Every structure is written in C-alpha cells, then in structure tokens.
Amino acid sequence: MKRKTGTSLLELTIVMIVFTVVLSAVLLLYVDLSKRSQVALNNVEKYSELFKIDSIIQTELSKAGPNIGKITLIKESESSPARGLRYTVSIPFVTGKVTKQFYFNDEKLKIWEKVTQQVDFTDGDDSLEIIDSTLESGERVIFSTTPFNNVDVEFESVGGGSVFYKITLTTPGGVEIHRSSVKLINVK
C-alpha cells in the first residue's frame, strides 16, 4: 500500500503553535527594546540640557579676566541663595576697571558690565541685589542666553581661585543635581 505524502493536520497545528510562540517572543523583545530606547532618549535630552548650561557657565567664567580683582557672590534677596557673581576686571592698556556681573535670572544666564564704582561692593556684605531690567546709567547686558526651562542655578562659594556652583534640573521623572566648579585665571 502506498502512503500519501503531505502534511497532516497535527503537523500543521504543531508548526502554527511553534510559529506563534516564536513570533510572540520576538514582539515582546521589540516592545521592551522600544521602551528602553525611549527611556534612554529621555535621559539624553535631560542631560543634554543640564550639560549645555554647565558648558555655558564654564565657558563664560573661563573668559573672566584678564585680571580679576574683587569677586563676590550675589543674591536676589537676603534669604535667597546666590544666583550669580560680581567681580572687577582690570583690562590691559585701559585706565580704570570694569565691574561685571554673571548671574541667573528669568531662566537665563546673563552678564552685565559697567565702569567700576566704589558702591559696587560693600565690604563683608554678600547680599548684593541683582540689577536686571532696571539697569542703571552706564550698565549694559553684554550676554544673555535663551531661557532654560526647569533649570535652577545656584552659586555656592568662591575660594582658592575657583567658583563652585550647583545646577538643578526638574523633570517629570525627578530632580537631577549637578555640582561643578570652574578655575578662574589671574584672580588677585
């Protein structure tokens, strides 16, 4: 008797079950990989914002000079943390000094400058107020960034020729704190 060649219903059912199991495993791996990729992309975006503002602070403070005289932390009010720095700069071949203020206000990093006056610094007083939109005569903003949403900058201390600061990034996933410092060249 001759046997017929082909597939039986049982063989076809087994192949379909194996195919379904393998396809389900591949789809689960794909969904998991997609979720992990999205989390990684969100972290990249979050840290890129944080390191972008850190890079600007490093770059701008590294340019401070060539000869920094007085330097002090500045605050918006007595009870608030320091939001910036005020310092004097001696510029070669120019008589007189320039007072510069590097600060974080309205979600932007800004620098203003003016000809130095004796009232720019009060000895022993670190609670100088930030002058921003109400610039006085002779003051001008020479640098301003676009707004950084959900970012806060706090200057913690100045000492040993370095400025120490903290950047806080608030996202729906939580709060990220980044501490850093920049070495100032030619601090007197």
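The values are calculated or read from the model by the stated rules, or taken from the named source; none is laboratory data. The model shown is predicted, which means the values in this text are computed figures rather than measured ones. Quick reminder, even Gly has a Cβ in these numbers, built from the backbone with ideal geometry, and neighbours come from all protein chains shown. Protein only, heavy atoms only, side chains kept; ligands, DNA and RNA dropped before computing areas. Shrake-Rupley method; radii C 1.70, N 1.55, O 1.52, S 1.80 Å.
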Pick from the range 81-93, criterion modelled with pLDDT of 85 or more and out of contact with any Ser or Thr (no Cβ under 9 Å at 6 or more places or on another chain), ranking: surrounded by the most Cβ atoms within 10 Å (Cβ to Cβ): GLY84
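Sort through LEU41, LEU85 and tell me the only one that's among the aliphatic types (A, V, I, L, M) and more than 15 Å from PHE143 (Cα to Cα). Talk me through it step by step, then tell me what you get.
Details: LEU85 fails: more than 15 Å from PHE143 (Cα to Cα).
Result of the check over LEU41, LEU85: LEU41.
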Residue within the range 88-98 that is within 18 Å of VAL163 (Cα to Cα), touching a residue at least 60 places away in the same chain (Cβ under 8 Å) and in contact with a helix residue (DSSP H, G or I) (Cβ under 9 Å, 6 or more places away or on another chain) present: no
Where ASP54 falls short, out of the listed (1) at pLDDT below 90; (2) in contact with a His (Cβ under 8 Å, 6 or more places away or on another chain): (1)
Lone unmet requirement of (1) part of a loop (DSSP other than H, G, I, E, B); (2) exposed (fewer than 10 other Cβ atoms within 10 Å of the Cβ) for ALA64: (2)
Complete set of residues in the range 67-80 that are open to solvent by 40 Å² or more (accessible area, probe 1.4 Å) and closer than 19 Å to GLU156 by Cβ: LYS70, ILE71, LYS75, GLU76, SER77, GLU78, SER79
Every residue from the range 39-76 that is closer than 26 Å to THR171 by Cα and of a type in the set (Ser, Thr, Tyr): TYR47, SER48, SER55, THR59
Subset of the range 1-22 (residues that are at pLDDT 90 or above and open to solvent by less than 80 Å² (accessible area, probe 1.4 Å)): THR13, THR20
